[in-house]
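Written below as structure tokens is the structure these notes are about.
The values are calculated or read from the model by the stated rules, or taken from the named source; none is laboratory data. Quick caveat: nothing in here was measured; it's all calculated off a predicted structure. Please note: Cβ atoms are built from the backbone with ideal geometry, for glycine as well, and neighbour counts cover all protein chains shown. Note: accessible area is taken over every heavy atom of the protein model, side chains too, but ligands, DNA and RNA are not part of it. Shrake-Rupley method; radii C 1.70, N 1.55, O 1.52, S 1.80 Å.
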Amino acid sequence: MSTVQIVYGSTTGNTEALAELIGRLVREAGHEVRVLNAADATAPGLCDGWDLSLFGCSAWGDEEVTLQDDFDALFQQFDRINAKNRKVAAFATGDTNFTYFCGSADVIEERLEELGADVVADALKIEGAPQSDQPEVLEWTRQVLETI
Ligand SMILES: Cc1cc2nc3c(=O)[nH]c(=O)nc-3n(C[C@H](O)[C@H](O)[C@H](O)COP(=O)(O)O)c2cc1C
């Protein structure tokens, strides 16, 4: 059994629903899981003690990518989460009508790479609210869990 944390920022509930769905799948795979709202997270040592950390955030803005407010506050202190050499991956929900579909996940992934994290999968990008047992979510979760 491994330990997996899922930290998300969500304004209208779509990314929260995706975080909870991934959390359920991780739990069903037999791992210990924590699903944490970014609003309740503190940056120092956030990745300590977790075999895998998954970061989810919705995309806002238009001409440029803006992170969801609660996640953005955490993101400002990302250099303190101890991401170096940790297994991580990013996910987002968004809307394909915008220029940067789920651009938040790309921004987070890039920052994690800068911090020396081990990004174990390309970001998961979901349109709107996830459906329960949506195949892309099942496949992505299976893929990230294979790395721990
Ligand atoms: C003002 C505004 C800006 C948005 N900008 C983007 C964007 O740049 N890229 C994107 O993929 N979705 C964008 N969206 C869509 C939201 O990210 C999408 O509805 C998301 O699922 C909301 O997730 P949440 O409920 O977890 O906050 C935008 C929505 C609004 C209202």
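Things worth noting here:
- Sole exception among (1) touching a strand residue (DSSP E or B) at 6+ places or on another chain (Cβ under 9 Å); (2) open to solvent by less than 80 Å² (accessible area, probe 1.4 Å); (3) farther than 16 Å from Val7 by Cβ; (4) within 15 Å of the ligand (Cβ to nearest atom) for Trp140, by number: (4)
- Hits in segment 83-105 (condition: near the ligand (Cβ under 6 Å from one of its atoms) and open to solvent by less than 80 Å² (accessible area, probe 1.4 Å)): Thr93, Gly94, Asp95, Phe101, Cys102, Gly103
- Of the strands (runs of 3 or more DSSP E) lying entirely inside segment 1-73, those containing at least 1 residues that are small (Gly, Ala, Ser), at pLDDT 95 or above and closer than 25 Å to Gln134 by Cβ span 3-9, 52-57.
Matching residues to (1) away from the ligand (no atom under 12 Å from the Cβ); (2) among the aliphatic types (A, V, I, L, M); (3) open to solvent by 70 Å² or more (accessible area, probe 1.4 Å); (4) without any contact (Cβ under 8 Å) to a residue 40 or more places away in the chain:
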site: Leu52; (1), (2), (3), (4): yes, yes, no, no
site: Gln76; (1), (2), (3), (4): yes, no, yes, yes
site: Arg111; (1), (2), (3), (4): yes, no, no, yes
site: Ala121; (1), (2), (3), (4): yes, yes, no, yes
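- Residue that is surrounded by the most Cβ atoms within 10 Å (Cβ to Cβ) [pool: residues in segment 1-42 that are closer than 20 Å to Val120 by Cα, among the small types (Gly, Ala, Ser) and more than 14 Å from the ligand (Cβ to nearest atom)]: Gly23
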